[in-house]
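The block underneath contains the structure these notes are about, expressed in C-alpha cells.
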Amino acid sequence: MFALIHEYLFTSLFKACAESLASENASRLAAMQRAEKNIDELLVELSHKFHSQRQSSIDEELFDVVSGFEAMKNI
C-alpha cells in the first residue's frame, strides 16, 4: 500500500513538472514568434523608407540634370 502511494505521489509530481516545463516552453515560443513578427514588420517598414528615400534622391539628381540641360540649351 505504501509503495502505491509513493508511486502515485512520484507520478503526480513528475506530471506537474512536465506540465510546468511545457507551459514555460510554450510561453517562450510565443514570445519568440511575436518578436519574429515584429522584426519582419520593421524590416518591411524600413525597406519602404529606404526605397522612398532612394527614389527621392534619384528624382533630385534627374531634376538637376534636366535643369542643367535646359540652362545649357538656352546659352
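In segment 62-75, of all residues being among the charged types (D, E, K, R) and exposed (fewer than 10 other Cβ atoms within 10 Å of the Cβ), the one that is farthest from the chain's Cα centre (by Cα) corresponds to LYS73. The requirement of being at negative phi, exposed (fewer than 10 other Cβ atoms within 10 Å of the Cβ) and either of a type in the set (Val, Ile, Thr) or touching a residue at least 12 places away in the same chain (Cβ under 8 Å) (or both) is satisfied by ILE5. When ALA35, ALA16, ALA30, ALA71 are checked against the criterion of being modelled with pLDDT under 95 and of a type outside the set (Asp, Glu), a single residue qualifies: ALA71. Taking first residues from segment 12-32 that are part of a helix (DSSP H, G or I) and partners that are modelled with pLDDT of 95 or more and surrounded by 10 or more Cβ atoms within 10 Å (Cβ to Cβ), no Cβ contact under 8 Å between residues at least 6 apart in sequence or on separate chains turns up.
The values are calculated or read from the model by the stated rules, or taken from the named source; none is laboratory data. Since we're looking at a predicted model, the values are computed, not measured. Because the Cβ atoms are built from the backbone with ideal geometry, glycine has one as well, and the counts that use them run over all protein chains shown.
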